[in-house]
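The values are calculated or read from the model by the stated rules, or taken from the named source; none is laboratory data. Computed from a prediction, not measured in an experiment: that's the story for all the values here. With ideal geometry, Cβ positions are generated from the backbone for all residues, glycine too; neighbour counts draw on all protein chains shown. To get the accessible areas, we keep the full protein, side chains included, count just its heavy atoms, and leave off ligands, DNA and RNA. Shrake-Rupley method; radii C 1.70, N 1.55, O 1.52, S 1.80 Å.
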Amino acid sequence: MTQTKRSEAFNNVAQVYDLARPGYPIELIDDIINMANLSDDGRILDIGTGTGKGTIYFAEKGYAIHCIEPGENLVRIAKEHLYVYPQVTFEVTTFEDSNLQPNNFDLAISAQAFHWVNREIGYAKVAQALKDKGHIALFWNFTPPSDALVFAVLKEAFRKYVPSTSKTPSIPSLIEKRKNWILNSNCYQDLIIKEYPWSIDFSAEQYLNLIKTQTVYQTFNQQQQQDLSRDVTEVINNHGGVITRPYLSVLFFAQKIAI
């Protein structure tokens, strides 16, 4: 899926995306700020802002943030969340097409988004935008497998609608791949990878909203969507009405190699 198609997919369900997608552990945010040694007047570049799920933590601390996001509906919601922070600005474009002043930012962040950026362009372009001692902080939420029976039943229910899904890569393999992308760019040094396990409780309605943000759900016809919603609701209600989904947030933090 190209970045344009991806941004359109999420942009089309922006309200549901904002309701359903999780935020990030505050420990992760604090670690970024501490490791980057950000001063109060530090400038942050935010790549793939979405609805501001990762942005708001930094905005609340008073940092000047320039957000880049191609989805107009996503940006509209992000602006609603961040309107009380005038130091946050927005550019509605892909990162590849953005026009950035070099050596301008102390920190570049990207929450759940940088894997959509063309890495032949992205890593070097971030480095160019960073000051000589600037840092990059990329972080994602992954979903580890759960031993809870409800997830096995949900998987079987979903398989009726997507019978031949490809095998999902393991979290360790994804971490290794993204680590290599950073190192092989030859733009960064002193890479630190930190993991933050946590979990979220979902009602049937909340879990359905999460499913609706998946691009495969958007390929279903209306009847399939209704049938899947019925099946998921029935499964969760039969298992107590609330399910606990594990998450693993992973931070990739490195310093720009000064040229």
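Side notes on the structure shown:
- Stretching the chain fully between GLN87 and ASN103 yields a gain of 3.9 nm (0.36 nm per residue, less the alpha carbon separation).
- Inter-label distance for ARG230 and ASN12, nm, one decimal - labels placed 7 Å from Cα along Cα-to-Cβ: 2.4
- Bridging of LYS194 to lysines at a Cα separation below 19 Å is possible for LYS177, LYS179, LYS256, once same-chain residues fewer than 8 apart are set aside.
- For GLU80, solvent-accessible area (1.4 Å; no DNA, RNA or ligand), Å²: 100
- In straight-distance terms, cross-link reach from LYS131 covers every one of the aspartates and glutamates whose alpha-carbon lies under 13 Å from its own, apart from those fewer than eight places away in the same chain; here that gives ASP106.
- Counting only lysines at least 8 places from LYS212 when in the same chain, those with an alpha carbon closer than 25 Å to its own are LYS5, LYS53, LYS79, LYS155, LYS160, LYS167.
- Charge dipole of the range 1-147 about the Cα centre (unit charges at C-beta), most positive-ward option of VAL126, LEU107, ASN12: ASN12
- Charges were assigned to the Cβ only: +1 to each Lys and Arg, -1 to each Asp and Glu. The resulting dipole of the chain about its Cα centre is roughly 580 debye.
- With R₀ fixed at 25 Å, the C-beta to C-beta distance from GLN128 to ASP41 puts the FRET efficiency at about 0.75.
- Under-5 Å amide H pairs with LYS53, H placed in peptide plane, nonlocal only: none
- Estimated inter-spin distance, ASN221 and ASN238, nm [label 7 Å along Cα→Cβ]: 2.6
- Extension gain, ARG76 to LEU19, is 19.1 nm, computed as 0.36 nm per intervening residue step minus the present C-alpha separation.
- Ranking by accessible area, most exposed first, for VAL250, VAL84, VAL16 with a 1.4 Å probe: VAL84, VAL16, VAL250
- Over all other residues within a Cβ to Cβ distance under 13 Å of SER173, the charged ones net out to +3, with Lys and Arg as +1 and Asp and Glu as -1.
- In plain terms, the chain from ASN180 to VAL162 could stretch by 3.3 nm, reckoned as 0.36 nm per residue minus the Cα-Cα distance.
- Extending 7 Å from the Cα toward the beta-carbon at both ASP30 and ALA148 defines two label points whose distance is 2.6 nm.
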